[in-house]
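To keep things clear, I will list the structure first and then write my remarks on it.
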Amino acid sequence: MPGTIRWDNLDSDTLLGELILYVAVKCAEDQTFGATKLNKILWWSDFEAYAQSGQPITGAEYMRLGRGLAPRRLLPVRQLLVDAHDAAVRQQNLFGGYPQVRVIPLREPRLDLFTASQIIIVDQVITRTWGKSANEVSLMSHGKAWAILADGASIPYEAVFLSDEPVNDIDVARTRELAARLRW
């Protein structure tokens, strides 16, 4: 029976499940949408929300995978959606000859669980990734934080503040100033 998730116990799994449904609804017409792209959209959305407000959208834990970052509980949460008949999972070989695993929503997501600003962030991420292949989106997500982690390692939300830009003279001077002032 659809909607068997308990709404009186909202946790990161519930929020992640509803965001998975939302992203799947919004990306239904994107031929390049599949599991890899879903992972990246969820990751960017949570981390951008954290950068803007100090709070992620779902609170899910993210881990490093070979092709980027993904929610650690994505597969169990996706299975909960399937078991509740809220979503289906379909594998197809449509895009570029590669296997594509798509979440197919069987009901509308519970948008009342999210703020308007959170949905705006997700929509912006979807727009930024629309039509891009899984490989293109994966390459976009590989920053320094991803590069220094081992597969399976968790990445803290604070990593969103790490820069991939090279250190410049201003950075060095500011670090020296802080080191002197704070007695590092």
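The values are calculated or read from the model by the stated rules, or taken from the named source; none is laboratory data. Just so it is clear, the model here is predicted, and its values are computed rather than measured. Glycine gets a Cβ as well: all are built from the backbone with ideal geometry, and neighbour counts include every protein chain shown.
In the set Phe161, Phe95, only one residue is within 25 Å of Gly66 (Cα to Cα), modelled with pLDDT under 90 and over 18 Å from the mean Cα position of the chain (by Cα); that residue is Phe95. Contact annotation: no residue pair with Cβ atoms under 8 Å, 6 or more positions apart or on different chains, pairs a residue in the range 112-128 that is free of Cβ contacts under 8 Å to residues at least 40 places away in the same chain with a partner that is of a type in the set (A, V, I, L, M) and assigned to a helix (DSSP H, G or I). Can you tell me which residue within the range 25-56, out of those that are in contact with a helix residue (DSSP H, G or I) (Cβ under 7 Å, 6 or more places away or on another chain) and among the hydrophobic types (A, V, I, L, M, F, W, C), is surrounded by the fewest Cβ atoms within 10 Å (Cβ to Cβ)? Per the criteria, the residue is Ala51. For the range 126-142, the criterion of a residue being at pLDDT below 75 and not in a helix (DSSP H, G or I) is satisfied by at least one position.
The set of residues in the range 61-70 being surrounded by 21 or more Cβ atoms within 10 Å (Cβ to Cβ) and either modelled with pLDDT of 95 or more or under 11 Å from Tyr157 (Cα atoms) (or both) consists of Tyr62 alone.
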